[in-house]
Amino acid sequence: MVLVSAQIKFCGVSDSLIDCAQALMRMSLIHNVAPYGGDELTSKFALSRRDKNIRPWPKNKCVVCAPNLSKKADDRERDTARGGGGGGGAKKKAAAPVGIGPPVNLNLDDDNDDSDKEEDDADKGGPLEDVPDCACTLMGPNSGHRIHTACLQKLQAADPNWECPRCEDLRRRAAIGADDGVTYCAAIRGGFKASTKIQAAVDACKAVVAKNEKIIVFSFFKAGLDCVEGALDEEGVECLRFDVCGNQPVCRVHPIILHEFISRRQRVKSP
Ligand SMILES: [Zn+2]
Ligand SMILES: [Zn+2]
């Protein structure tokens, strides 16, 4: 059995130990689909979160004007190929998915699940409307994706078969992984390609379970844990999930989850 756990804060441990543990968690199990609210998609992979409406698309944000990580990575690659440095008007804060293009300063604070920031694009581009269902090819009907009327008209004029940029971005980021990465959860919105770290975590869990033992996986990134949870489920490994929500100053694993983790007998789910 695996306890997949996000953002546990330790009690009764020295500050430096907490710092070390948190630093490790901040860097672990980030998948390319994780930054900028990728759990909108990855939560569908995780059995424990699949039915919840995780981080719905903000009503005041346009799928065209919001950061599109795949396109930014493409632009950066093009800039680098040209040998150009700055140019291109790329915003300073832009972060690319890990693994594409040259190394970038990925601002982890922006990717933290807790940083739910309201971005006020609404007034800048005029009124917003729902992206037509037929264009939301990944997240499907009622995705909640929103678009400026002006942006919608531009897309429709450019290509009658246009796809929702947010859906396209999520799909492309989910498909970036290790060269020989396995695609997990393929039946769920095309699934995701395992990155090296995600695959290593899955392999480590399987090895422990094979020895009839239990393991705890920590990460700051719920989206990364969604991927691990989805992959483990597919591999027939039983998991419990514990997420810390919000900014609780001190948090212990919920007693019921802890009791279940301790008392439940290790077993691999029957196929
Ligand atoms: Zn727009
Ligand atoms: Zn969409």
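For the ranges 126-135, 56-65, what's the packing order if you count other beta-carbon atoms within 10 Å of each residue, average per peptide, and put the highest first?
With the highest mean Cβ count within 10 Å placed first, the list reads 56-65, 126-135.
Could you rank the peptides 156-164, 176-184, 233-241 by their average count of other C-beta atoms within 10 Å per residue, with the highest value first?
Per-residue Cβ counts within 10 Å, averaged per peptide and sorted highest first, yield 233-241, 176-184, 156-164.
Would you please give the residues with an amide H less than 5 Å from that of Arg241, counting only those at least 5 places away or on a separate chain, with H modeled from the backbone geometry?
Those lying under 5 Å, H to H, from Arg241 are Val4.
Hey, can you grab everything whose amide H is under 5 Å from the amide H of Arg146? Only 5+ residues off in sequence or another chain; H modelled, so Pro and N-termini drop out.
Residues meeting the amide H criterion: Val63, Val131.
Simple spin-label model, 7 Å along Cα-to-Cβ: Ala175 to Ser16 in nm?
About 4.8 nm separates the two model spin labels.
Could you give the distance between the Cα centres of the range 28-60 and the range 201-216, to the whole Å?
Here the answer is 25 Å between Cα centres.
Once fully extended, how much extra length lies between Ala187 and Asp159, figured as 0.36 nm per residue of separation less the alpha-carbon to alpha-carbon distance?
Here the segment from Ala187 to Asp159 would lengthen by 7.2 nm.
Once the piece of chain linking Leu47 and Glu129 is laid out straight, how much longer is it, given 0.36 nm per residue of separation minus the C-alpha distance between them?
Answer, rounded to one decimal: 26.4 nm.
Using 7 Å Cα-to-Cβ label points, what is the Ala204/Asn142 separation (nm, one decimal)?
Taking the simple label geometry, Ala204 and Asn142 are separated by 3.9 nm.
Where a number appears in this text, it was derived from the coordinates with a stated rule and is not lab data. Every value quoted in this text rests on a predicted model; they were computed, and no experiment measured them. Glycine gets a Cβ as well: all are built from the backbone with ideal geometry, and neighbour counts include every protein chain shown.
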